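Since the structure comes first, as structure tokens, the remarks are kept for the end.
The values are calculated or read from the model by the stated rules, or taken from the named source; none is laboratory data. These numbers come from a predicted model, not from an experiment. Positions of Cβ are backbone-derived with ideal geometry, glycine not excepted, and every protein chain shown enters the neighbour counts. For the accessible areas, the whole protein counts, side chains as well, though only heavy atoms, and no ligand, DNA or RNA atoms are used. Shrake-Rupley method; radii C 1.70, N 1.55, O 1.52, S 1.80 Å.
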Amino acid sequence: MKAVVRYQYGNTDSILIEEMPNPKPKSNQVLVKVMATTVNRTDCGVLSGEPYIFRFFVGWPKPRTPILGTDFAGIVEEVGSQTSRFNVGDKVWGFFDGGIPSQAEYMVIREDKNILKIPDGFSFAEAAASAEAAHYAINFLKPLKLHSDAKILINGATGGIGSALVQILLSKGFELVVTANTKNMDLVKGLGVSRVVNYEKEDFTKLNEEFDVVFDSVGKSSFGKCKGILKKGGKYLSSELGPGGENLYLPLTTKIKGGKKVIFPLPTDIKGSMETIHELMEKGQFRPVLDRSYPMEKAAEAYRYVASGQKTGNVILDFEGGNELSYLLP
């Protein structure tokens, strides 16, 4: 089989497309013919091993597996002798943020791990794109107790995490203020948001109002910059470590001081997140935003595009048709 590989941590120049042995499922595993995966920020971390602490989860001193990947969607092609949850022909999707060898034509996974059947009406690309970013969005919400009239701002509503967070919060009935760039204003409004701040024309941190929660889903701001738009006791959450890794220690120091707080939840319970998203998918309350797809042979180009910070929603590696296309209107 063909696979997207790298043998040491590094940049996109280390990415190769190589022939690898086909995996064989053990008694408690299923063999999946992979139809689509995404290239996401977690994948970029799996590639580079940065921040350095990431290597203790994905392999140290070198990657645990040369094959890249964190999520997948595909078809069950073979089942182990002791499996019972899946059958040959089932369409499935899954995710693990510690890295799995999913950017390959075939992969194996234990049936009790983070794998579910794809809901009706969703393509392989959409299913794969419903995992990583949505999982982090759900973990943003876990430590919060939001009252029904909470004022919420989301910075970066067109990213994978941001667009998932928008849909999850809208499904709960919250009204949102979000930021987006000029080209994506209509896209965000199409998700159901009534008020969008164009960050290319207006600095959201200078808004003359206060919010109960500010979600920085792209990690391009900071607690210091957002403090002025937080209500007394308001909470700031970011998807990134922040300048100098401040989001690792600010949760403790702001809790001790009282008042406005930083919360930096560590993502847990991937299977639970997938089940939550699966339910929203079935109810028609969640559909991931897709930016563009690449064939396997252009995996390095896909990684470079994601690492540039310019993507909207999710970027797909299309193993089903090997298509290179844009899902968004120019």
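Odds and ends about this structure:
- Among the residues examined, K232 does not qualify as of a type in the set (K, R) and either under 20 Å from K142 (Cα atoms) or part of a loop (DSSP other than H, G, I, E, B) (or both).
- One residue stands out among those in region 87-121 that are open to solvent by 50 Å² or more (accessible area, probe 1.4 Å) and among the charged types (D, E, K, R): the one that is nearest to V76 (Cα to Cα), which is K91.
- Scanning region 171-190 for residues that are free of Cβ contacts under 8 Å to residues at least 40 places away in the same chain and among the aliphatic types (A, V, I, L, M) returns L176, V177, V178, A180, M185, V188.
Yes/no per residue for (1) more than 22 Å from I277 (Cβ to Cβ); (2) hydroxyl-bearing (S, T, Y); (3) open to solvent by 60 Å² or more (accessible area, probe 1.4 Å):
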{"residue": "I154", "(1), (2), (3)": "no, no, no"}
{"residue": "G173", "(1), (2), (3)": "no, no, no"}
{"residue": "E202", "(1), (2), (3)": "yes, no, yes"}
{"residue": "V214", "(1), (2), (3)": "yes, no, no"}
{"residue": "K220", "(1), (2), (3)": "yes, no, yes"}
{"residue": "F223", "(1), (2), (3)": "yes, no, no"}
{"residue": "L230", "(1), (2), (3)": "yes, no, no"}
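- Residue identified as small (G, A, S), under 29 Å from Y9 (Cα atoms) and over 16 Å from the mean Cα position of the chain (by Cα) among A104, A129: A104
- Count of region 1-13 residues which are of a type in the set (G, A, S) and either in contact with a Cys (Cβ under 8 Å, 6 or more places away or on another chain) or outside any strand (DSSP E or B) (or both): 1
- Among the residues of region 251-269, the one identified as under 24 Å from the mean Cα position of the chain (by Cα) and within 13 Å of K227 (Cβ to Cβ) is V262.
- Residue in region 14-32 that is surrounded by fewer than 18 Cβ atoms within 10 Å (Cβ to Cβ), in a helix (DSSP H, G or I) and at pLDDT 95 or above present: yes
- Against the test of being closer than 27 Å to Y199 by Cβ, buried (at least 19 other Cβ atoms within 10 Å of the Cβ) and aromatic (F, W, Y), the options F140, F124 yield a single qualifying residue, F140.
- Note on region 69-89: residues that are touching a residue at least 60 places away in the same chain (Cβ under 8 Å) and of a type in the set (D, E) amount to 1.
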